[in-house]
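Colleague: Next up is a structure, given as structure tokens.
The values are calculated or read from the model by the stated rules, or taken from the named source; none is laboratory data. This one's a predicted model, so the numbers in the text were calculated from it and none came from an experiment. Every residue, glycine as well, gets a Cβ built from its backbone with ideal geometry; the counts of neighbours run over all protein chains shown. These accessible areas exclude ligands, DNA and RNA; they are computed on the full protein's heavy atoms, side chains included. Shrake-Rupley method; radii C 1.70, N 1.55, O 1.52, S 1.80 Å.
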Amino acid sequence: MNAVRRFASVLLMFPLALMAAESPGAPELRLWRLDCGQLWTYNLDEMSDTRAYVGQSKLFVGSCYLIRHGGEYLLWDTGLSREYLGKPLMQGKEDSTALAKTVVEQLAQIGVKPAQIAKIGISHYHFDHIGQAAEFPQATLLIGAGDYAVLGTPGHEERTKRFAPWLGKDAKVEKVRGDLDVFGDGSVVMLDLPGHTPGHHGLLVNLPKRGPVLLSGDVVHLHENLDMRGVPSFNTDRAQSLASMDRFAKLAQNLKATLIIQHEEADVAKLPVFPEAAE
């Protein structure tokens, strides 16, 4: 019965989300794209467990997003850590990672202080999505329960350190199972898309003018993987990965959403150049 109720709540969520974007009394909703690094992947074939990219390399962007819901701010992903700040990006025969500007510096450009960030939504626990999370210790952390469960276990010491503010007994953390209606009005929804990691999520933002925007997390890293249902060799569950790609693609189609693969520069460019916001 619980599964039936959860399914029914998901069915009801998306009509509610579209209505929330159009309601004249709804809180103002805006979305900013943030620069959260660059990543040169020398061996692109790690993005395929069927050897689709042998001998290929690719430059990926790291992107994070700020959402204002009325007077409340949500930060979606936090990019690379400060240790990569100012490092040169080398597009040679090994991986290279660089960060040009911190999230805090970019927020300052639009007059937002770190203490104003009420919520941090994390798509998943990989280093290029969690690097600056601890710079917002006052925020409530929203993270997939499956990802949170690995923190503190052997082999996860570095990512555990990134989440230090949310590991105490009374920490402000919501371990998300399934979808989550972040503000309770359908305007921003964390989408359950496991497989890349156990608790991986994407984000749906229903903007009043532009309409639905889908942020991928890393359900896929490049368009070819979405088109061909290609699974990276390091994903934690292949079957879940394929199901999540299918759900993500169908949501984009059915909602006629702007689809943003967060590591694809051309997709990130669908949104206004910072400091302009999408509305």
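Colleague: Mind checking which residues of the stretch 102-126 are part of a loop (DSSP other than H, G, I, E, B) and of a type in the set (Gly, Ala, Ser)?
Modeller: Scanning the stretch 102-126 gives Gly111, Ser123.
Colleague: Those residues that are out of contact with any Cys (no Cβ under 9 Å at 6 or more places or on another chain), crowded, with 21+ Cβ neighbours inside 10 Å and in a loop (DSSP other than H, G, I, E, B), I need them from the stretch 43-100; list them, please.
Modeller: Once the filter is applied, which keeps residues that are out of contact with any Cys (no Cβ under 9 Å at 6 or more places or on another chain), crowded, with 21+ Cβ neighbours inside 10 Å and in a loop (DSSP other than H, G, I, E, B), the stretch 43-100 yields only Ser81.
Colleague: Does Glu224 fit the bill of being part of a helix (DSSP H, G or I), free of Cβ contacts under 8 Å to residues at least 60 places away in the same chain and of a type outside the set (Phe, Trp, Tyr)?
Modeller: When the stated conditions are applied, Glu224 does not pass them.
Colleague: For the stretch 127-145, which positions are out of contact with any strand residue (DSSP E or B) (no Cβ under 7 Å at 6 or more places or on another chain) and either among the acidic types (Asp, Glu) or crowded, with 22+ Cβ neighbours inside 10 Å (or both)?
Modeller: Gly131, Gln132, Glu135
Colleague: Tell me, yes or no, whether the stretch 136-149 has at least one residue that is in a helix (DSSP H, G or I) and of a type in the set (Val, Ile, Thr).
Modeller: Taking every residue of the stretch 136-149 in turn, none turns out to be in a helix (DSSP H, G or I) and of a type in the set (Val, Ile, Thr).
Colleague: Between a first residue in the stretch 236-254 that is among the aliphatic types (A, V, I, L, M) and a second residue that is surrounded by fewer than 17 Cβ atoms within 10 Å (Cβ to Cβ), which pairs have beta carbons less than 9 Å apart while being 6 or more apart in sequence or on different chains?
Modeller: Leu242/Arg229; Met245/Arg229; Ala249/Asp227; Ala249/Arg229
Colleague: A further question on this structure: Quick check: is even one residue across the stretch 183-193 surrounded by 16 or more Cβ atoms within 10 Å (Cβ to Cβ) and among the small types (Gly, Ala, Ser)?
Modeller: Yes, the stretch 183-193 has at least one match.
Colleague: Within the stretch 171-181, can one find any residue that is within 24 Å of Phe60 (Cβ to Cβ) and in contact with a strand residue (DSSP E or B) (Cβ under 8 Å, 6 or more places away or on another chain)?
Modeller: Looking through the stretch 171-181, none of the residues is within 24 Å of Phe60 (Cβ to Cβ) and in contact with a strand residue (DSSP E or B) (Cβ under 8 Å, 6 or more places away or on another chain).
Colleague: Does Leu180 qualify as being at pLDDT 95 or above, under 18 Å from Ser123 (Cβ atoms), crowded, with 22+ Cβ neighbours inside 10 Å and not hydroxyl-bearing (Ser, Thr, Tyr)?
Modeller: No, not satisfied.
Colleague: Now for a different question. Please enumerate the residues belonging to the stretch 253-273 that are open to solvent by less than 40 Å² (accessible area, probe 1.4 Å), more than 18 Å from Trp40 (Cβ to Cβ) and in a loop (DSSP other than H, G, I, E, B).
Modeller: Correct list: Ala257, Leu271, Pro272.
Colleague: Here's something else I'd like to know. Got a number for residues in the stretch 20-42 being in contact (Cβ under 8 Å) with a residue 60 or more places away in the chain, assigned to a strand (DSSP E or B) and at negative phi?
Modeller: 10
Colleague: Residues to consider are Lys209, Lys161, Lys119; find the one that is in contact (Cβ under 8 Å) with a residue 60 or more places away in the chain, closer than 30 Å to Ala98 by Cβ and open to solvent by 20 Å² or more (accessible area, probe 1.4 Å).
Modeller: Exactly one residue qualifies, and that residue is Lys119.
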